[in-house]
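In what follows, a structure is listed as structure tokens, so that the remarks can point back to it.
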Amino acid sequence: MKPGSSAPGQPTNRPPSMSDVASLAGVSHQTVSRVLNDHPNVRPGTRERVLAAIAELGYRRNRAARALVTSRSSTIGILTVGNANFGPASTVLAVEAAARAQGYFVSVSSLEAFDAVAAKTALGHLVDQGIDGIVVVAPLVDVARVVEGAGLQVPAVIVAANPDAVPTDSLRYVCTDQRLAAREATEHLLGLGHRRIAHVSGEMAWIDALERNGAWRATMEEHGLAAVEYAAGGWTAETGYAVGRRIADEIAAGDGPTALFAANDYIAIGLLRAFWERGLRVPEDVSVVGVDDLQDSAYFIPGLTTVRQPFTAMGQAAMQALLGIAAGQPRADGRFEAVLEPELVVRDSTAPPPAG
């Protein structure tokens, strides 16, 4: 009778154990453990017998029991924002994939509000689970300060282009260069001949919004041009639409900007809708650039020029930094363990300014 099974007519009594695997493979309990932990000192033939026994019995490792012995949970915590914002959501998915590739489970804790109290609560929820490390995908100024001051006893990585980053031996930063993203967008419009380039800014409690705003403003000043800003106050298409409605008449009269750099693609979508309703043509009457490169950005009418963020590479960089802390690797020389470059993607929403 197969280990873990029951006599005919009896209900199944228990799932197969590591001892059952050892018995079927004809090896010791310790050898099975070595195979499960991918220990190098196991003969190939022995490893094959153990793996065959695992497959035959349908054995699944009891990670909870293993955590009691090793004091490791094989679980990474992710602290993130509690909404479907494309940038953080894409980064969370990338971190999850990178963690699974390294053999880790993932536990996600979302912020109920964008403030220090909510950050402390969500962070405590993760720590109480006995996680092996934390990746913070919530690029807000207050959240970064809370994590830096929390005195965590586990490795932590913050995914944010925080200019005030304070890395330590147990806390590291990785980021996409958000200032470069804004500069690429602005210089693209300048290269087309635009001189009245306004910025529709996102939610300014976010580090990404602050960095993009600052780089756009600096680039305009370098060229001796006025920096006109329209605050969307959020990241949604609805907030972009509201801004577009306010400025459409000004653009139609020839007194407004000839190009708009939107803080993200959702805001840009709202602008496109508002301008279409007013009868403005994009890009003939006004050009629009976004940031992120949503999956559908190429299929808007017109296709949206945007700055693509390397979300997959960012997830991998965050996980590598976390594993580096656990392995005792020294910090990088600068504030960041990795700074990834965005990529300008030119489509049909940008063109030279209208004549006159």
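The values are calculated or read from the model by the stated rules, or taken from the named source; none is laboratory data. On a predicted model such as this, the values are computed, not experimentally measured, just so you know. So basically every Cβ, Gly included, is an ideal-geometry build from the backbone, and we count neighbours across all protein chains shown. When the accessible area is computed, the model is the full protein with side chains, heavy atoms only, and any ligands, DNA or RNA have been set aside. Shrake-Rupley method; radii C 1.70, N 1.55, O 1.52, S 1.80 Å.
Using bins of 5 Å that start at zero, the share of Cα-Cα pairs per bin across region 116-254 amounts to 2, 9, 16, 16, 16, 12, 10, 8, 6, 4, 2, 0, 0, in whole %. Principal-axis analysis of the Cα atoms of the chain puts helix 311-326 at an angle of about 50° to the longest axis. Take each peptide in 149-161, 286-298, count the other Cβ atoms within 10 Å of every residue, and average; sorted highest first, the result is 286-298, 149-161. Placing one identical point scatterer on every Cα of the chain and ignoring solvent, what is log10 I(q)/I(0) from the Debye formula at q = 0.07, 0.12, 0.13 Å⁻¹? Normalising to I(0) and taking log10 leaves -0.42, -0.88, -0.97.
With all protein chains in place and a 1.4 Å probe, the accessible surface of the chain carries 50 percent carbon and sulfur.
Can you give me the angle between helix 178-191 and the longest principal axis of the chain, using Cα atoms only, in degrees from 0 to 90, rounded to the nearest 10? Approximately 30 degrees, to the nearest ten. Think of it as helices only: each DSSP H run of n ≥ 4 in the chain is worth -39500 (n - 2.57), and spread over all residues that comes to -13000 deg cm²/dmol at 222 nm. Per-residue SASA remark: M18, around 40 Å² accessible (1.4 Å probe; ligands, DNA and RNA not included). Run the 1.4 Å probe and let me know the accessible area of S19, rounded to the nearest 10 Å². Here the accessible area works out near 70 Å². Working from label points 7 Å from Cα in the Cα-to-Cβ sense, the A113 to L36 distance is 4.5 nm. With protein chains left intact and a 1.4 Å probe, residues in region 210-356 average 47 Å² of accessible area per residue. Please determine, in degrees from 0 to 90 and to the nearest 10, the orientation of helix 86-101 with respect to the longest principal axis defined by the Cα atoms of the chain, where the helix direction is its Cα long axis. Taking Cα atoms only, the helix is inclined about 20 degrees. Across region 234-239, rounded Karplus estimates of 3J(HN,Hα) from the backbone phi angles (6.51 cos²θ - 1.76 cosθ + 1.60, θ = phi - 60°) give x, 10, 9, 4, 4, 5 Hz, Gly and Pro being marked x.
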